[in-house]
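Below you'll find the structure, written out as structure tokens, and then a few comments.
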Amino acid sequence: DARVTQTPRHKVTEMGQEVTMRCQPILGHNTVFWYRQTMMQGLELLAYFRNRAPLDDSGMPKDRFSAEMPDATLATLKIQPSEPRDSAVYFCASGPHLGGTGATGELFFGEGSRLTVL
Amino acid sequence: GQSLEQPSEVTAVEGAIVQINCTYQTSGFYGLSWYQQHDGGAPTFLSYNGLDGLEETGRFSSFLSRSDSYGYLLLQELQMKDSASYFCAVRDRGSGGYQKVTFGIGTKLQVIP
């Protein structure tokens, strides 16, 4: 049963600490997205990759957030230093090539990482 | 810029029909998707419209009018388990020329007995 796996599921940390969230996309998917969900902003697009290359990370606060794909089975989102306003659920989603024939843009989401920064 | 608008909340009675509208503004538009998210869960894909018209999948249907930049999700024979948030999402071209998927803020549907 192919699925996107995210770790950790829950993280409580103190302001100023580094936080790293990890995502294993579905094997064979070449697009990976990071979204942040809050009550006020809904699902915000932070960054996305195709074939491990970062295409757009304009949604991320550049001074503290970074996203990478060190290999095809791992995507990471790092916050350093973390702040209370970063508290949210962070979702990773993967999908097949968006521009492919018959593509629908269907994304498969992980269960999310719920981050609380005190 | 880019924006999606959908109602924040909708309440409907079990067994009834409800329509959730979505309007969007974007360039390089490819299609409109709908996702369902139960509280504490992950968004899951419901439907996609790349062309104008109606797509039907069981009790759910989705409609798109590209000329009006408008779409809707229609849920029929509502069940209590349909209580969830529903997101419209556009597949479009980002500033770098690559396709991406951007979500609306979501509509919280409450189904009441």
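Of all residues in the range A:68-82, those that are open to solvent by less than 50 Å² (accessible area, probe 1.4 Å) and in contact with an Asp or Glu (Cβ under 6 Å, 6 or more places away or on another chain) total 2.
Scanning the range A:19-42 for residues that are in contact with a strand residue (DSSP E or B) (Cβ under 7 Å, 6 or more places away or on another chain) and either outside any strand (DSSP E or B) or open to solvent by 70 Å² or more (accessible area, probe 1.4 Å) (or both) gives A:ARG22, A:GLN24, A:PRO25, A:ILE26, A:HIS29, A:ASN30. Reported count of residues in the range B:55-94, each being without any contact (Cβ under 8 Å) to a residue 40 or more places away in the chain, open to solvent by 40 Å² or more (accessible area, probe 1.4 Å), away from chain A (no Cβ under 14 Å) and not in a loop (DSSP other than H, G, I, E, B), is 3. Within the range A:72-81, can one find any residue that is in contact (Cβ under 8 Å) with a residue 12 or more places away in the chain, touching a Pro at 6+ places or on another chain (Cβ under 9 Å) and within 28 Å of B:LYS108 (Cα to Cα)? No, there is no match, as no residue in the range A:72-81 is in contact (Cβ under 8 Å) with a residue 12 or more places away in the chain, touching a Pro at 6+ places or on another chain (Cβ under 9 Å) and within 28 Å of B:LYS108 (Cα to Cα). Every test in (1) open to solvent by 20 Å² or more (accessible area, probe 1.4 Å); (2) within 14 Å of chain B (Cβ to nearest Cβ) is passed by A:ARG85 save one, and that test is (2). Do you know which residues across the range B:95-105 are in contact with a strand residue (DSSP E or B) (Cβ under 8 Å, 6 or more places away or on another chain) and either hydroxyl-bearing (Ser, Thr, Tyr) or open to solvent by 10 Å² or more (accessible area, probe 1.4 Å) (or both)? Matches in the range B:95-105: B:SER95, B:GLY96, B:TYR98, B:GLN99, B:LYS100, B:THR102, B:PHE103, B:ILE105. Taking the range B:65-113 as the range and being modelled with pLDDT under 95 and of a type in the set (D, E, K, R) as the test, the residues that pass are B:ARG91, B:ASP92, B:ARG93, B:LYS100. Could you go through the range A:94-105 and let me know if any residue there is on the phi < 0 side of the Ramachandran plot, more than 10 Å from chain B (Cβ to nearest Cβ) and either in a strand (DSSP E or B) or touching a Lys or Arg at 6+ places or on another chain (Cβ under 6 Å) (or both). Yes.
With respect to B:GLY1, is the statement that it is open to solvent by less than 30 Å² (accessible area, probe 1.4 Å) and modelled with pLDDT under 95 true? Considered against the rule, which asks whether it is open to solvent by less than 30 Å² (accessible area, probe 1.4 Å) and modelled with pLDDT under 95, B:GLY1 comes out as no. Identify the residue in the range A:48-58 that is part of a loop (DSSP other than H, G, I, E, B) and at pLDDT 85 or above and, among all such residues, is farthest from the other protein chains (Cβ to nearest Cβ). Among those residues, the one meeting the criterion is A:ARG52.
Evaluate the range A:78-88: report whether one residue or more is under 22 Å from B:GLY96 (Cβ atoms) and of a type outside the set (D, E, K, R). Within the range A:78-88, not a single residue is under 22 Å from B:GLY96 (Cβ atoms) and of a type outside the set (D, E, K, R). Output the number of residues of the range B:4-19 satisfying the condition of being touching a Phe, Trp or Tyr at 6+ places or on another chain (Cβ under 7 Å) and within 26 Å of B:GLY94 (Cα to Cα). Matching residues across the range B:4-19 total 1. When the test is whether a residue is open to solvent by less than 20 Å² (accessible area, probe 1.4 Å) and touching a residue at least 60 places away in the same chain (Cβ under 8 Å), A:VAL12 does not pass it.
The values are calculated or read from the model by the stated rules, or taken from the named source; none is laboratory data. Since we're looking at a predicted model, the values are computed, not measured. Heads up, the Cβs are rebuilt from the backbone with ideal geometry, glycines too, and the neighbour counts pull from every protein chain shown. Surface accessibility is based on the protein's heavy atoms, side chains included, excluding ligands, DNA and RNA. Shrake-Rupley method; radii C 1.70, N 1.55, O 1.52, S 1.80 Å.
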